[in-house]
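Structure first, commentary second.
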């Protein structure tokens, strides 16, 4: 109950504030230990999917909001493998990872490559399904009394645990553990090894023995005039080909649906008939037990690599028990789901090792624990987590430093089952993501109130854009939804060439403006009445917001003293800390922090190196560090048509853990799409959850160490990030290195702990723990590669590289990353050498993503790109959580004119069609269709010249193609099935992200068409290679 | 035996190198502290103390920053002295370090104040490792040159 306010999607929830014991239901007081916990009873981690999977689904991770969940029957027909015994826990990591052979499940159609790690192919027993972590409410949750009753206990009021429980005392420390999960039984069940014969060696041997050598050097070293798939050199059709493989390996000329999510047979025209198969595929058919992730794919031969639905995160090869407890990949993701044992194996693999985090993500279900003592390792301070081992009832062994710790008395009592002596069943040990309410030793000062300061540009340029009225209106609308409690404070500063403060003290009849024109030596005119309590002075604040847009209507002041305004704002906020939202519309040109324009418009399209990606002055960085020290975060909204030097200004947010929003060419009349985006973003920004004075520490198992951090923060220590504010839309990336060999370890763990003050003034710790297997062979490392995470991390590294070195360096580094890893795969992991560009199936999209990065706004050359937009794209790559960063790197293309309800999602009342994702190539477009390109921050709906009349009239509400208006930003609300489907789909896409992508409906001759076509990554442009050319380039480099 | 300008240079260099050795040690300690801080099982309060700890950290970096310029200046100073004293071999031995200092200072991050280390990037493992290595190399160099100056001084005193 009490968490409702916090866990609601955007933090606006008006859930009750946390109450303490005395006001609770008396039942609570009977709970004998000083431990309470609360869970809110929304059933699932992901709201949307929860509704789909109303009956508890298999213990499968829904892998993200983008993963369309097939309707009911799908769940049931998950590949059955009855012969496989349930993997027992003792097999941690020893498991030769990809055990159940693919041939064991001949019935269902092929799944996207990474979707079915065999560990999951075994249908989980019902008991497991009900505790499936995010798919249904955990079992212990049922045991918990529902409703407002005993969720929160005042420790002081509770009786000491031992007294009340002395009669039912469970076995003491010496007694054998009765644990279901058997943490102590490691190694007991040794007989469960039917999987053993399927280890890689066997596979490889068989492969080596059986594979007929391919035609030598057919594609090696020279450029074929046509993609081989187009040539009619057909190999003999293999009759024994597994239908799954068959469908997945259909080359160019084959049917359009090689991947089918629906079980029950691939594609419309399956059958073994005329498939052209490369020798590798023929070999594949002979040994079908290669793990799917390692299936060899010849990239030059296979065209349709893109799965029809968004790529799911690979599942680590852990035993089911561990995997079930593991952290959601949306929160915590590793580039290699199998950690190499030594740095030398990692170096050989040439893949980056790192973590991608989204630690403060809005979660719909989050167990919250209130406890007077938080159990942590005495040596490394790790929080107790599901992956620790209990030696006996009184001792647990830390999974990060392997120190043996005592279980405190209080922890012996389990508030969930209300039983004593089962520490391994406590919520802390059952949930990889958990939140603690921290006791006072986690505070250095009383938790700060929520403090919001708005710093607004009111120069002539700013008034011209008209943003002020939008801002004031938004804030007026959401003023009650600002997260906070009775202590919430707000303040306003406006600036042009002078700084204006607003005295909002209670008792004044109207807001009083105080102007400070001495910008060189800034001071606060009335320090204590500029930041006021929102509840007490709400009327004055509302008055001010209503009058502010008119106040500066006639201003002729063109200069902007941003630096001084920031200094003033810092002075105002430094006693308390808080959030500073800065709205800027032009290059600051007065006083401290004044900047000069550094961009030469003629150089925008040059293929030479891009200059000025690093800051021009360190004023903003230093100020940001000062802010960070005083727990002030600065969020920057840049609304400008001209160059604003975001590379310099952005530092203020980057090092103070703020966020940057950029609205190029913002104008209230000329650019309605940007206005709508600004409005929606502001609403989300103002109402989303916020954490103050936060720090995040990332710990990992001894032997691993953190190398570099990416994101917006200040690094205070090798593993500690200082985050004055933390918001639910911020992502982080971490590069790791292996310092000591992980020889005798089977699993390693990572733990991210975020300590923050909630807007209600509570100190809380959110802990995420992820466990991954350690492998020693290179092929296992490749099998566990997570191509999206790798791409995300590479993008972060490339941003750093282009700032410290140069853009061309970064581009080379990205290409080399693809070349190195693929050639390393070819040399070390592949036992038989075949012609062609070979990649393991899990990395088959790697070259495509690298090419997409090279053509991304941040890194592209040769195409006209404004410097600010480029820098903003770089910020986004570093700051956005992986799911959204991936959309910005590789947009999704859908065909919208033939939407049907087949395979649609049902969310509440609505039916959301799920069109398949198309390749980004003009070849996929057709004049008869309408296509939606979703590039994260922007969507384009392209209408073909001969688009179906039906679509034009039913969805767009126009009579003919010619009648489609030139500038159209929204889909009309028509009462037709087609219109409803289309709008449902578009708004569903929008709802999944925390920012608002604007929609542009464009015709073939529209001005925006080049922007649309720039996203066609697989095609050739004047300055960049096509996908096929890029592959040939890679191949040439590899075979050198 | 006469007290020449060259002998004076060597004596001065000897004293200053002692100071430089001290600087180098301080440099090493500062970076080592930065790096290994997290290893200590320190009290929760201190670990989670945002304000105090941070100020300390930045101060430590600042100390390192403050040491850099004097070090460079001192080294430059006695290079000039050796030039005047026409001690070509000694000068030649010091030139690489002088060149390195010039390169290091010209390629520093954008900063409005004198200094070398950027607190926002100093915690990157690459840079931290580089700085530590730099510290050790310099310490070795200064130690060797200390004994070389000692030898040089006696040699000059005896030979003249």
- For the stretch A:888-897, which residues satisfy the criterion of being part of a loop (DSSP other than H, G, I, E, B) and either touching a helix residue (DSSP H, G or I) at 6+ places or on another chain (Cβ under 6 Å) or over 17 Å from residue A:856 (Cα atoms) (or both)? A:890, A:896, A:897
- Task: Output the residues belonging to the stretch A:568-618 that are farther than 24 Å from residue A:467 by Cβ, away from chain B (no Cβ under 14 Å) and either in contact with a strand residue (DSSP E or B) (Cβ under 9 Å, 6 or more places away or on another chain) or surrounded by 18 or more Cβ atoms within 10 Å (Cβ to Cβ) (or both).
- Result: A:610
- Message: Being within 25 Å of residue A:481 (Cα to Cα) and touching a helix residue (DSSP H, G or I) at 6+ places or on another chain (Cβ under 6 Å) is the filter here; which residues of the stretch A:639-658 pass it?
- Response: A:639, A:656
- Query: If you check residue A:951 against the conditions, is it touching a strand residue (DSSP E or B) at 6+ places or on another chain (Cβ under 7 Å), part of a helix (DSSP H, G or I), touching a residue at least 24 places away in the same chain (Cβ under 8 Å) and over 23 Å from residue A:890 (Cα atoms)?
  - Reply: yes
- Query: Only one of A:597, A:529 is modelled with pLDDT under 90, out of contact with any helix residue (DSSP H, G or I) (no Cβ under 9 Å at 6 or more places or on another chain) and closer than 23 Å to residue A:652 by Cα; which?
  - Reply: A:597
- Exactly one of B:86, B:125 is modelled with pLDDT of 80 or more and in contact with a strand residue (DSSP E or B) (Cβ under 8 Å, 6 or more places away or on another chain), and that one is B:125
- Return only the number of the condition from (1) at pLDDT below 70; (2) surrounded by fewer than 18 Cβ atoms within 10 Å (Cβ to Cβ); (3) away from chain A (no Cβ under 12 Å); (4) in contact with a helix residue (DSSP H, G or I) (Cβ under 6 Å, 6 or more places away or on another chain) that residue B:66 does not satisfy. (4)
- Message: Scan the stretch B:81-90 and tell me whether some residue there is exposed (fewer than 15 other Cβ atoms within 10 Å of the Cβ) and within 14 Å of another protein chain (Cβ to nearest Cβ).
- Response: no
- Can you give me the number of residues within the stretch A:654-691 that are within 13 Å of chain B (Cβ to nearest Cβ) and more than 23 Å from residue A:476 (Cα to Cα)? 4
- Task: Hey, can you tell me all the residues within the stretch A:898-946 that are touching a strand residue (DSSP E or B) at 6+ places or on another chain (Cβ under 7 Å), outside any loop (DSSP other than H, G, I, E, B) and touching a residue at least 60 places away in the same chain (Cβ under 8 Å)?
- Result: A:905, A:912, A:918, A:933, A:934, A:938, A:939, A:940, A:941, A:942, A:943
- Note on the structure: Considering only strands (runs of 3 or more DSSP E) wholly within the stretch A:703-747, the ones with at least 1 residues that are within 16 Å of residue A:876 (Cα to Cα) and touching a helix residue (DSSP H, G or I) at 6+ places or on another chain (Cβ under 7 Å) are A:704-710, A:732-738
- Note on the structure: Checked the stretch A:345-357 for anything more than 14 Å from chain B (Cβ to nearest Cβ) and in contact with a helix residue (DSSP H, G or I) (Cβ under 7 Å, 6 or more places away or on another chain); matches are A:345, A:348, A:349, A:350, A:351, A:356
- Item | Residue tally, condition farther than 30 Å from residue A:747 by Cβ and in contact with a helix residue (DSSP H, G or I) (Cβ under 7 Å, 6 or more places away or on another chain), over the stretch A:659-702 | 19
- Message: Give me the residue from the stretch A:1008-1040 that is farther than 24 Å from residue A:304 by Cβ and without any contact (Cβ under 8 Å) to a residue 40 or more places away in the chain and, out of that set, surrounded by the most Cβ atoms within 10 Å (Cβ to Cβ).
- Response: A:1010
- Which condition number does residue A:839 fail, the rest of (1) touching a strand residue (DSSP E or B) at 6+ places or on another chain (Cβ under 9 Å); (2) without any contact (Cβ under 8 Å) to a residue 40 or more places away in the chain being met? (2)
- Pairs, first away from chain A (no Cβ under 14 Å) in the stretch B:98-110, second in a loop (DSSP other than H, G, I, E, B), C-beta under 8 Å, six or more apart: B:104/B:116; B:105/B:116
- Message: For the stretch B:111-134, give me the residue count where each residue is surrounded by 15 or more Cβ atoms within 10 Å (Cβ to Cβ), within 11 Å of chain A (Cβ to nearest Cβ) and without any contact (Cβ under 8 Å) to a residue 60 or more places away in the chain.
- Response: 8
- Task: Name every residue in the stretch A:773-812 that is assigned to a strand (DSSP E or B), within 23 Å of the chain's Cα centre (by Cα) and over 19 Å from residue A:885 (Cα atoms), in order of residue number.
- Result: A:773
- Single residue of A:638, A:649, A:623 found to be within 12 Å of another protein chain (Cβ to nearest Cβ) and modelled with pLDDT of 90 or more: A:623
- Message: I need the full set of residues from the stretch A:708-756 which are within 9 Å of chain B (Cβ to nearest Cβ), at pLDDT 90 or above and within 22 Å of residue A:384 (Cβ to Cβ), in order please.
- Response: A:755
- Message: With the condition being touching a strand residue (DSSP E or B) at 6+ places or on another chain (Cβ under 7 Å) and buried (at least 18 other Cβ atoms within 10 Å of the Cβ), I'd like the strands (runs of 3 or more DSSP E) fully within the stretch A:344-425 carrying at least 2 qualifying residues.
- Response: A:354-357, A:368-371
- Task: Among the numbered conditions (1) touching a strand residue (DSSP E or B) at 6+ places or on another chain (Cβ under 9 Å); (2) surrounded by 23 or more Cβ atoms within 10 Å (Cβ to Cβ); (3) in a helix (DSSP H, G or I), tell me where residue A:850 comes up short.
- Result: (1)
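The values are calculated or read from the model by the stated rules, or taken from the named source; none is laboratory data. Given the structure is predicted, the values throughout are model-derived calculations rather than measurements. As a convention, Cβ positions derive from the backbone with ideal geometry for all residues, glycine included, and neighbour counts pool all protein chains shown.
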